[in-house]
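Undergrad: This is the structure, below, for whatever I ask next.
Computed from the coordinates by the stated procedures, all read-outs in this text should not be read as laboratory data. Predicted model only: the values in this text are computed from it and were never measured. For neighbour counting, all protein chains shown are included, and Cβ atoms are generated from backbone atoms with ideal geometry for every residue, glycine included.
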Amino acid sequence: MQTKLQPLPAANQAILSVRNLSLHYFQRTVFERRIPVTALTNVSLDLIRGKTLALVGPSGCGKSSLARCLVLLEKPSFGEILYGGRNLLELKSKELKEVRRDIHLIFQDSASALNPGMTIEEVLLEPLEIHEPTLGKKNRFMRLVSACEQAALSSKWLTRRPDELSGGQRQRVAIARSLVARPKILILDEALSALDLSTQSQIANLLLELQREHSLTCLFITHDLRLARMLAHDVVAMKAGRISDSPPPSLLLTPDIHAKPTPVGVVSIAKDTENIRLQEMPSVNE
Amino acid sequence: MKQLAVRLGQRLLLLVGVSLCTFALLSAAPGNFFDDLKLNPQISPATVSALQAQYGANRPFPERYARWVESIFRGDWGYSLSYHCPVGGLVWQRARNTLLLTAFAVLLAWMLAIPWGIAEALYKGGWVDRTGELILALLLATPDVLFALLLLLLAARTGWFPTGGMSSSDVTQLSFAQRIGDLSRHLFLPVLALALTTLPILARHVRSAMIGVLDAPFLIAARGHGIPKSRLLYRHALPVALNSLISLFGFSVGSLLSISLLVEVILSWPGLGPLVIEAVLARDIYVVVAATMFSAVCLIAGNLLADFLLYCIDPRVRTAQS
C-alpha cells in the first residue's frame, strides 16, 4: 500500500540517511568481456537538516556514484536510502516524483548539464511544469523571478541560451533551476571546481545565504579541502568506494576542526556559518 | 538574406561545374549519336554530315556548350536527337513522375527510420536493438536490383499490385478518388523498393544520433530533476539529435533520386530512369545532360532545404549567422 512521505524532521535531525549502500556494475571491454566493478561498498551517512556535509576524497573513489545514487540516476545493488521515513529504493516511479522535487543534484560541468537548444527561461520553468503543473502561468513566472533573485541571476539572461553565458552564469542557472522547485536537499557534485576563484567565492557565498534563509540541506562533494572547510559543518572522507575511517590529514591539521569524529569517518567542523563570508574578487567573466 | 544570396550563388556555380563536367565527359566518350547512322547502308555519308552540321555536332566543344546554355534560356535544354523534340518538355514530363515516386519514398523511409532508430537507441544492447540491427544488416546486404526483382515477383505471382506503369488502362473512366487509389496501387511497390533500400542507412544514423544524445550530460541532469522519460525523449533528445539528421535528410533526397533510376527501369515506372538508359545507349547527349542537371538540382535543393530547416529548428545556427 502506498504511504505518503513523512513531514520533514526538526532541525539538527537526519533528513536523509544512507545505510550500507553498495553499487556494483559490469564494464564492457573492447572484446565484450564483462568486468565487474565495485563503485560503492557499505556506505552509510546521515544528512542533517539545514547543515552541509562535505564529501571529500580522491578522483574515482565513488563520490559522484554516491551522488547519482541519491538522486536515483543509478540503482544501487544493496542498501537503503531513507527519506521521509521511506526507503527510496522501494518506491514506485509515481511515488518518486515527490522525492525528485525534493532532492536535486548540481553537476560540475554546468555547460553540458543544460540543454543547448533551450533558453534559460525554458530551462528554469521546466521543473515547475513537471512538479507543479497546477501552478498558473503567472505564479510560475513569479517563482522563476524569485529563484533568479536568490541565485543572483539577472533577468536579461532569461532569453539567452546556455552557450551565450559564462561558466559562473551557467552555474547560477543550474542553482536557480534547482531552487525553483524549492528542494529540501541540494547535492553539489564538484559544482564549484571548474570555476575561477572569484566566481567560486560568489557561488559559495550564495549557497551559504540560501542555506541560512531556507534551511537547505547540502551534500557538498569536492576534492578541494579548502572549500570543504569553508562551507561544510561536517566532512566525510571516501576512499575506494568506502567511507574512510580516517579523515584527510590536511583537515586534521586545521585549527577549526574538532578532534573527535562523530560517526566513523565524519569530522565535525566548529564554525559559525552565520558569520562566514568568503572574500569575493572582481570577476573577469562577469 | 545576404547568406541566402551567397549560398544560391555558390550553388549556381556548382551547377555550372556539373554541366561542364557532364558535357566534357560525354564529349570525351568514344562515339556519338551519328555513328549508328553511319553504319546504316541506307543513309548516305553526305546525309549524316548534313545532320551533324544541322545539330552542330561537328562544332568545337565551347561552341556546343554555349549553344546549349543559350537553349536553356529558351526553355529547350537542347534538342533530343532520338525523340526529335526539345529536351526540356521531354525530361520534365518524366521528372515529375520521378519526383512523385521519390517524394513518397523519402517520406516512407523517414517514417520508418525515425521510430526504428529511436527504439534501437532506447533499448541499446537489448533484444529490440539486436533484432533491429540484424534486419537492417540484411536489408543493407541485399542489392537494390534484388529488392526490385523480388517485389516484381511478388506482384506477378499474387496479382495484388500492378507490375508496371503508373495508371491502369481504364483510368480515364475512373472517378477522381478511384484515380488516386489506382495511382497509389501503382506507386506502392516502387516506393517500397526505394524506401527499403535507404532505410538501413537512415535508421542507423537515427540510432547513433539518438545514442549520442541519450548519453549527453544535459539529459542525465534533466533526468535527475525528475523530467519524465517521454518529455526527455521528445522535448530534449529528439530536437538535439535532429540537427545531424536534417543534414542527412538533404542528402537522402539526392541519393534516392539516383537509386530511383534503377528501380524505375525494373518496375517499369515511367520516370527519368528508362529515359536516361535509352538516352545513354543512343548517345542522346542533351537528354543525358538535362537528366544529370535535374539530379544535381534536386540534390542541391535537398541540401538547401536541410539548411533552411536547420536554420528554423536550431537557434544556435540563427545566432551564429546573425
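Undergrad: If you line up the long axis of helix B:2-28 against the longest principal axis of chain B, both from Cα atoms, how many degrees apart are they, to the nearest 10?
TA: The angle comes out near 50 degrees.
Undergrad: Shifting gears a bit: Check which residues have an amide H placed less than 5 Å from A:Gly79's amide H, if you skip close sequence neighbours.
TA: A:Ser22
Undergrad: Taking 7 Å along the Cα-to-C-beta vector as the label spot, tell me the B:Met111-B:Ser49 distance in nanometres, rounded to one decimal.
TA: Going from the B:Met111 label point to the B:Ser49 one covers 6.1 nm.
Undergrad: Follow-up. Using the Cβ atoms and a cut-off under 15 Å, what net charge is assigned to the surroundings of B:Arg204, where Lys and Arg are +1 and Asp and Glu are -1?
TA: So the environment of B:Arg204 carries a net charge of 0.
Undergrad: Next question, about the same structure. Please express the shape of the protein assembly as shown as an equivalent ellipsoid: the semi-axes are the square roots of 5 times the eigenvalues of the C-alpha gyration tensor, given largest first in whole angstrom.
TA: Value: 68, 27, 21 Å, ordered largest first.
Undergrad: How far is helix B:127-141 tilted off the main Cα axis of chain B, in degrees rounded to 10, range 0 to 90?
TA: That works out to roughly 10 degrees.
Undergrad: List the aspartates and glutamates whose Cα lies under 20 Å from the Cα of A:Lys51, skipping any in the same chain that are fewer than 8 positions away.
TA: Correct list for A:Lys51: A:Asp102, A:Asp189, A:Glu190, A:Glu209, A:Glu213, A:Asp224, A:Asp234, A:Asp256, A:Asp272, A:Glu274.
Undergrad: When the dipole is taken about the Cα centre of region B:2-87, and only Lys, Arg (+1) and Asp, Glu (-1) are charged at their Cβ, what size is it in debye, to the nearest 20?
TA: It comes to approximately 420 debye.
Undergrad: Given R₀ = 25 Å, FRET efficiency for B:Arg185-B:Leu134 by Cβ-Cβ distance, to 0.05?
TA: 0.20
Undergrad: From the backbone phi of region B:34-49, what are the Karplus-calculated ³J(HN,Hα) couplings (6.51 cos²θ - 1.76 cosθ + 1.60, θ = phi - 60°) in whole Hz, Gly and Pro given as x?
TA: Listing the rounded values in order: 7, 4, 5, 5, 5, 6, 7, x, 7, 10, 6, x, 5, 5, 4, 4 Hz.
Undergrad: I would also like to ask the following. Can you return the lysines within cross-link range of A:Lys75? Criterion is Cα-Cα under 24 Å, with same-chain partners fewer than 8 residues away left out.
TA: Straight-distance partners of A:Lys75: A:Lys4, A:Lys63, A:Lys92, A:Lys94, A:Lys97, A:Lys184, A:Lys239, B:Lys124, B:Lys229.
Undergrad: With a point put 7 Å past each Cα toward its Cβ, work out how far B:Phe308 is from A:Glu209 in nm, to one decimal.
TA: Between B:Phe308 and A:Glu209, the simple spin-label model gives 5.0 nm.
Undergrad: Right, next: If you plug each phi of region A:73-78 into the Karplus form 6.51 cos²θ - 1.76 cosθ + 1.60 with θ = phi - 60°, what whole-Hz ³J(HN,Hα) values come out, in order, with x for Gly and Pro?
TA: Going residue by residue, I get 7, 10, 9, x, 6, 9 Hz, with x marking Gly and Pro.
Undergrad: Can you tell me how much longer the chain between B:Val16 and B:Thr142 gets when fully stretched, taken as 0.36 nm per residue apart minus their C-alpha distance, in nm with one decimal?
TA: 41.8 nm
Undergrad: Taking only the alpha-carbon positions of region B:2-87 and ignoring solvent, what does the Debye formula give for the base-10 log of I(q)/I(0) at q = 0.17, 0.18, 0.27 Å⁻¹?
TA: The Debye formula, applied to the Cα set alone, gives -0.83, -0.91, -1.42.
Undergrad: Further question on the same structure: Give the separation of the Cα centroids, region A:77-140 to region B:169-224, in Å.
TA: One Cα centre to the other: 36 Å.
Undergrad: Return the distance in nm (one decimal) between the two label points of a simple spin-label model at A:Val145 and A:Leu197, each offset 7 Å from Cα along Cα→Cβ.
TA: With each label point 7 Å from Cα toward Cβ, the separation is 3.8 nm.
Undergrad: Taking the alpha-carbon distance from B:Lys38 and a cut-off under 30 Å, which lysines remain once sequence neighbours fewer than 8 residues away in the same chain are dropped?
TA: none
Undergrad: While we're here: Would you mind giving the three semi-axes, in whole Å and largest first, of the ellipsoid equivalent to region B:90-321 according to its Cα gyration tensor?
TA: So the three semi-axes of region B:90-321 are 37, 22, 16 Å.
Undergrad: Of all DSSP beta bridges located in the protein assembly as shown, what percent are antiparallel, nearest 5?
TA: About 60 percent, rounded to the nearest 5.
Undergrad: Here is a follow-up. Given the options B:Val171, B:Val18, B:Val106, which has the most mean-square fluctuation in a GNM of chain B, springs set between C-alpha atoms less than 10 angstrom apart?
TA: B:Val171
Undergrad: Helix B:144-158 versus the longest principal axis of chain B: what is the Cα-based angle in degrees, 0 to 90, to the nearest 10?
TA: 90
Undergrad: Quick one: what are the phi-derived ³J(HN,Hα) couplings along region B:303-309, Karplus 6.51/-1.76/1.60 with θ = phi - 60°, whole Hz, x for glycine and proline?
TA: 3J(HN,Hα) across region B:303-309, in whole Hz: 5, 5, 4, 4, 4, 5, 4.
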